[in-house]
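What follows draws every value from the coordinates through simple rules; no lab data is involved. What you see is a predicted model, and the numbers here were worked out from it, not measured in a lab. Heads up, the Cβs are rebuilt from the backbone with ideal geometry, glycines too, and the neighbour counts pull from every protein chain shown.
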Amino acid sequence: MGVYKGSIAALAFFVVAIVCFTVEAAAQDRPRVIKSVSSRPINQPPTETTPEQQSQPTQGNTNRQPQTLTNKIVVVPEASLVKKTGESSPLTAMNKAAARRTVYGSSVSNNILLGIQSRLGIPYKYGSSGPNRYDCSGFVWSVFKDAGLEFERTSARSLWEMSTPVEGADKYVFGTLVFMNKLGHMGIVADENGFYHASSSKGITYSPFKGYWEKRIVGFRRLDLQVKITDPVAPAKTK
């Protein structure tokens, strides 16, 4: 009886040992699954690595993504903001007058320009015709005389009576005479914007028509004269 129970116990131990060995062997043959852990937020799209980034060693945190420039660079071409306005500079008006149609031809008109330029800034004096002082008619007479357009030195009113009326666009042709202040003042037209004259406060100067003078204009005239000389004679300008 005792021998029978011992045999049963030994058989049971043998069966259990065989089952445990079979289970362990099956477990070793099962494929192992390894879960990867990512530190990148799940909403962030994958970052493409450029060859330049691959060749550069990283420092510090290897998971840090390179920053890219997101602001768009816009190159603005230099804009041209030149706005046409009425000339307020004597030299600007001279350059414009030299490039347009004139009353007496290009050669004489150039001499008139040189004569005006050489007298700019000379003080005013009533009854004087230069070279150190001028009044309005004396200024016109001396400039025209040196340019080869000779006539008798006289007053603005007398010059009005001996000249030819000018109308329309011809009023603003360089070299035309403009009369003002009830024929008590006159000057040489530069263009449609202004004229040259002997101002009692500024001397020989350029003034715009717009404003003070446009309300004082009596009319525009042209002297019908023959050229007698060609070379201008510039007066000696005093300091």
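Please list 111-117, 181-187 highest first by mean number of surrounding beta-carbon atoms within 10 Å per residue. Present the calculation step by step, with values, prior to reporting the outcome.
Numbers: 111-117: 21.9, 181-187: 18.0.
Top of the packing list down: 111-117, 181-187.
Rounded to whole Hz and in sequence order, give me ³J(HN,Hα) for the stretch 204-211 from the Karplus expression 6.51 cos²θ - 1.76 cosθ + 1.60, θ = phi - 60°, writing x for Gly and Pro.
5, 7, 9, 10, x, 5, 4, x
Sum up the charges of everything whose Cβ sits under 13 Å from the Cβ of A198, counting Lys and Arg as +1 and Asp and Glu as -1, but leave A198 out.
Numbers: positive: R119, K125, R133, K202; negative: D135.
Spelling it out: positives minus negatives among the neighbours equals +3.
According to the square roots a ≥ b ≥ c of the eigenvalues of the Cα gyration tensor, what is the shape class of the stretch 90-222, taking rounded for a/c under 1.5, prolate for a/b larger than b/c otherwise, and oblate for the remainder? Before the final figure, lay out each step's value.
Working: a/c = 1.19, a/b = 1.07, b/c = 1.10.
The shape class here is rounded.
Is the shape of the stretch 157-212 rounded, prolate or oblate, going by the alpha carbon gyration tensor and its root eigenvalues a ≥ b ≥ c, with a/c under 1.5 for rounded and a/b larger than b/c for prolate? It would help to have the intermediate numbers written out before the result.
Numbers: a/c = 1.88, a/b = 1.17, b/c = 1.60.
It comes out oblate by the Cα gyration axes.
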